[in-house]
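As structure tokens, the structure follows; a few thoughts come after it.
No value in this document is a laboratory result; all are computed from the given coordinates. The structure displayed is predicted, hence computed values, not measured ones. FYI the Cβ positions are ideal-geometry reconstructions off the backbone, even for glycines, and counts take in every protein chain you see.
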Amino acid sequence: MLKIEAVLQPSKLDAVKDALLEAGIEGMTILEARGHGRQKGHTEFYRGREYTVDLLPKVKIELVLLDDLKEKAIQAIIGAARTGRIGDGKIFVSRIDEAIRIRNDERGETAL
Amino acid sequence: MSNHARLLSLLPAMVIFSPAALAQTPASAPVTQAQISALQQAVVNAQSAGDNAWMLVSAALVLLMTGPGLALFYGGLVRKKNILGTMMQSFAMMGLVTIIWAICGYSLAFGHGNAFVGGFEHLFLRGVTLTPNTDYAATIPEQTYMVYQLMFAIITPALITGAFAERMKFSAMAVFLSLWSVFVYCPMAHMVWGVGGLLNSTGGHIPSLDFAGGTVVHVTSGVSALVTCIFLGKRIGYPQTNMPPHSMVLSFIGACLLWVGWFGFNAGSALGASPLATSAFINTHFAAAAAALGWTIAEWIHNGKPTALGAISGAVAGLVAITPASGFVQPFPALLIGLIAGAFCSFMVFEVKSRLRYDDSLDAFGVHGAGGTLGALLTGLFATSAINSIYGKGVPTGAIDGHWGQELNQLAGVGIAWSISIVGTLVLLFVVDRVIGLRVSPEQEAEGLDLSQHGEEGYDLNS
């Protein structure tokens, strides 16, 4: 089992979600987040004062899935979220030791 | 209704009164003295009904400026942990000042007294009845005049709250501003508008022109705001930490409500549904529009972008500056006053505040103190007897009529407003700080006024 975490521009969330569903990936968790990578922030002006906003709104998608769906999921996310500009986001992949369905105590891959 | 019916029933008598009608209908009954008296009374009643309707609407419009207008305008400009605390400061004035006004405020402002403060004859509204007080407004019940003036007394201390936003205890704020309304607002209102007041434009020693409260409302509140924010010190983290407005949308709605409410403030100050009210209404609107433009252009040049906050701040600055002039100037000078005020107040906020490093958090001084002072001086320049012959028919009013001496009177009015505000505010702050303590603790300031002062949150999106 793998966990895929993808940090995205909020405006790309719907497109990524639809692409994942189309790729046959069911179940995901969406977190609203703030952050920045190399992109840095932007400046705002209020009554002549300049404010630097360096933590920008992001969304983070978390998926836990079977090993052989890995490339399909990654391609779906990239296909929907890439604009080619700085700030498109990042994808992280890690191993998952165990999954448990709370409803009936199923364990392992059947719990996904 | 009954007045109108009576007036109509007397119309035949009016027709008979003209010689031509007399010739045609010689057989009609002669007009009696009683009928003429009844007719005169009906005319008086009709004018009173019209004026009273406008003044009651105006009073409601001026209250609309404080809540929700100012409460939203200021509320949107603070961080979200302080929105309720900020709105409550304006709302508290709606309650507290009303009670003070009924007990002693109206008497101290509009009682006879001396040149500096009113007397005690109207304590607990004694003698303030439903018949007109000819000293102030001969066509409306004195209680209408009293409640209209009350709305001004409410918004004035509420304006000060913008300077000390996000850091004063609710208890200290309530006591400080209650005392302020008695010891600073009432004397200033008396000097400018009260019978026998020092600066009263009709009969005062130094006739100073202030149609709707440029000095009484805006200079006093703006200068007191400056004194208060310096006395209190900066917010923790200012100016290193970002403290941007949390909702420009709320501020936008608030500013637009202020603009609309200001028609009651300025056009209502004609104290009747007269042509002078129309003049003040138009001047008010023109100045707001021009000042929004003035601030926006200045900001566009200065920062490269025309912001929404700049446009609405400019409109408020223009409304402030036209307030003393609204019943004395022609429409084009009103546009000019607005344009100058928008550019001047933006300069006060952009440059002067950051150079002098005081934390006038929501720019109560930069807009009201600076705009009010500028407006009072420009009133002396542009006031004309063509609009309001306050010194008599054809007697020059302001510098534009050739009466440059008026500018000195305006300077005196501004000087006295600055002086009473600085001294009164300093003394009251010192006393309240000793007895209650003005500032919340650093922990409470970090937590926000909503939770620390009121035990509530403005936004609970998880509930």
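To the nearest ten degrees, helix B:405-435 and the longest principal axis of the Cα atoms of chain B are 50 degrees apart. Taking label points 7 Å from Cα along the Cα-to-Cβ direction, residue A:30 and residue B:121 give a separation of 7.1 nm.
Annotation: amide H of residue B:205 within the under-5 Å range of B:200, sequence separation 5 or more or interchain, hydrogens built in the peptide plane.
Averaging the sequence gap over all C-alpha pairs within less than 8 Å and six or more residues apart, then dividing by the number of residues, gives region A:2-111 a relative contact order of 41 percent.
The angle between the Cα long axis of helix B:2-17 and the longest principal axis of the Cα atoms of chain B comes to about 40 degrees, rounded to the nearest 10.
Arrange the following residues from fewest to most other Cβ atoms within 10 Å of their Cβ: B:175, B:44, B:184.
The fewest-first ordering by Cβ neighbours comes to B:44, B:175, B:184.
Diffusion coefficient (Stokes-Einstein, Kirkwood radius over C-alpha pairs, 20 °C, 1.002 mPa s) for region B:147-246: 143 µm²/s, rounded to a whole number.
Set the Förster radius R0 to 60 Å, insert the Cβ-Cβ distance between residue B:393 and residue A:49 as r into 1/(1 + (r/R0)^6), and round the FRET efficiency to 0.05.
0.75
Shape analysis of region B:344-463 yields a ratio of the Cα radius of gyration to the Kirkwood radius, Rg/Rh, of 1.18. Relative to the Cα centre, the charge distribution of region A:2-111, modelled as +1 at Lys and Arg Cβ and -1 at Asp and Glu Cβ, gives a dipole magnitude of about 620 debye. Using C-alpha pairs under 8 Å with a sequence gap of at least 6, the mean separation divided by the residue count of chain B gives a relative contact order of 20 percent. Directionally averaged projected area (the protein assembly as shown, Cα convex hull): 38.5 nm². In the protein assembly as shown, the calculated helix contribution to ellipticity at 222 nm averages -16500 deg cm²/dmol per residue, counting -39,500 (n - 2.57) for every DSSP H run with n ≥ 4. Over region B:216-276, the pair-distance histogram of Cα-Cα distances with 10 Å bins from zero comes to 17, 24, 37, 16, 6, 1 percent, rounded to whole numbers.
The tail of the calculated P(r) for region A:2-111 beyond 16 Å holds 64 percent of all Cα-Cα pairs.
Sort A:1, B:168 by Cβ crowding within 10 Å, fewest neighbours at the top. Could the numbers behind the result be given before it?
Numbers: A:1 15, B:168 27.
Arranged by neighbour count, lowest to highest, A:1, B:168 become A:1, B:168.
The Rg/Rh ratio of region B:53-454, with both radii computed over alpha carbons and Rh defined as the Kirkwood radius, is 0.95. Tilt of helix A:13-22 relative to the longest C-alpha principal axis of chain A, in degrees (0 to 90, nearest 10)? For A:13-22 against chain A, the angle is about 20 degrees. In the structure shown, the pairs A:40/B:80; A:40/B:169; B:80/B:305; A:58/B:353; A:3/B:80; A:12/B:234 are assessed against 31 Å; a Cα-Cα span above that value is assigned to A:40/B:169; A:58/B:353; A:3/B:80; A:12/B:234.
A crude spin-label estimate for the pair residue A:72 and residue B:234, with each label 7 Å from Cα along the Cβ direction, gives 5.8 nm. Among A:62, A:50, a tally of other beta-carbon atoms within 10 Å of each Cβ gives an order, fewest to most, of A:50, A:62. Against the empirical curve 2.2 N^0.38 Å, the C-alpha radius of gyration of region B:276-368 lands at a ratio of 1.07.
For Cα pairs less than 8 Å apart in space and 6+ apart in sequence, what is the mean separation divided by the residue count of region B:257-383, i.e. the relative contact order in percent? Please list the in-between numbers first.
Details: 236 pairs, mean separation 35.3, N = 127.
Taking the mean separation of contacting Cα pairs over the length of region B:257-383, I get 28 percent.
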